[in-house]
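Scroll down for the structure; my scribbles are underneath it.
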Amino acid sequence: MKAIYKREIKSYFSSMVGYAILGFFLLIVGFYFWGINLSGGSSSVGSTLSNIMLVYTVILPILTMRLLAEEQKQKTDQLLFSSPVSIWGIVTGKYLAAVTIFTAPFVVICTMPVVLNLYGNVDFVGNYATIFAFWLLGDVLLAIGLMVSSFTENQIVAAVISFAINITLFLVSSIASILPSTALPSMVGLMVLVLLVGIFLFVYIRNIIVSGVVVFIGEAALLVVYMIKSSLFESAFANVISGISFMSRYTKFASGNFDLGSIFYYVTFIILFLYLTVQSIQKRRWS
């Protein structure tokens, strides 16, 4: 794993990709920090980080798009997978390399509360909790990008799919909040979620029977519950989206709450997406 990690770190800086990503990210962070905190007088770093969150949708797919897709394209994946390193070791090494590059700008970001303290009182605990949550959120999106990179040998396709997933994750809470909270629209929204789960399952396992059964059971259960007691669906879709949303978890930290449950939630999903990446590789390896 250590050799994989070192190789990936080196590859980021053998081209301009690593330098460009770090420079672009720090430029955006610096611009918003100057405008919101230094000029605007806000003592909360969360205000700056919330405004630059959409930058994640651009830089993180670029960081992860080549990690496994390039191995498939260059036909080096079989050589890599036949090495003494386990699949988990390969995936973890590549993931940690991406996390390391992504973490580098946070050395600068962590100085922001100290700078703000020169101009007034700053809530260090709240600010650093927000920075930590912002970093964890990025780590989850990196794990998603790595998983997507294992699905294709085309780096551009991997980047576009990761970008689309990230945008969806960022917007889904806002979309859910403006939808009607009555029972019927909520049930329809939940049915769409079940269908999306089925589509993802089919893409992942390539078994239309299993995927179809999961969708049928899920949709049938929703219809039965709706016919028995439709009032249960009032605001249900918005509540489900809020409960599973990565963004709403970050918002808890940005509002000053250090939520251990959200940390566990993020870590769980990181492990889940790494596991799905390993399973994707194993499936392709033996197919």
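The values are calculated or read from the model by the stated rules, or taken from the named source; none is laboratory data. Please read these numbers as outputs of a predicted model, since none were measured by experiment. Every residue, glycine among them, receives a Cβ derived from its backbone with ideal geometry; neighbour counts consider all protein chains shown. Just the protein is used for accessible areas: all its heavy atoms, side chains included, with ligands, DNA and RNA removed. Shrake-Rupley method; radii C 1.70, N 1.55, O 1.52, S 1.80 Å.
Calculated [222 nm] ellipticity per residue, helices only, for the chain: -24500 deg cm²/dmol; basis is -39500 (n - 2.57) per DSSP H run with n ≥ 4, divided by all residues, nearest 500. Diagonalising the gyration tensor over the Cα atoms of the range 2-152 and scaling each eigenvalue by 5 before taking the square root yields semi-axes of 35, 14, 12 Å, largest first. Modelled this way, with points 7 Å down the Cα-to-C-beta line, the labels at VAL197 and PHE264 are 2.1 nm from one another. Only protein heavy atoms count here; under a 1.4 Å probe, SER173 has an accessible surface of about 30 Å². Pick from PHE253, PHE202, PHE134: which is most flexible by mean-square fluctuation in a GNM of the chain where alpha carbon atoms under 10 Å apart are linked? Taking springs between Cα atoms under 10 Å, the residue moving most is PHE202. Among 260-271, 232-243, 93-104, sorting by the average number of other beta carbon atoms lying within 10 angstrom of each residue, highest first, gives 93-104, 232-243, 260-271.
Using the Kyte-Doolittle scale, which helices in the chain average at least 1.0 and also have C-alpha atoms spread 20 Å or more along the helix axis, with helices defined as whole DSSP H runs? All intermediate terms of the calculation are to be shown ahead of the outcome.
Working: long enough: 17-32 (23 Å, 2.20); 87-103 (24 Å, 1.36); 124-149 (37 Å, 1.71); 155-178 (35 Å, 2.05); 183-205 (33 Å, 2.59); 208-228 (30 Å, 2.51); 260-286 (39 Å, 0.81).
For the chain, where a helix must reach 20 Å along its axis and average at least 1.0, the hits are 17-32, 87-103, 124-149, 155-178, 183-205, 208-228.
Rounded if a/c is under 1.5, else prolate if a/b beats b/c, else oblate: with a ≥ b ≥ c from the C-alpha gyration tensor eigenvalues square-rooted, which is the chain? Note, shape of the chain comes out oblate. The label point for SER39 and the one for TRP88, both projected 7 Å from the Cα toward the Cβ, are 5.1 nm apart.
Between ILE209 and LYS2, what FRET efficiency comes out of the Förster formula 1/(1 + (r/R0)^6) with R0 = 30 Å and r the beta carbon distance, rounded to 0.05?
That gives a FRET efficiency of 0.10.
Once the Cβ-Cβ distance of ASN117 and PHE13 is raised to the sixth power relative to R0 = 22 Å, the FRET efficiency obtained is 0.10.
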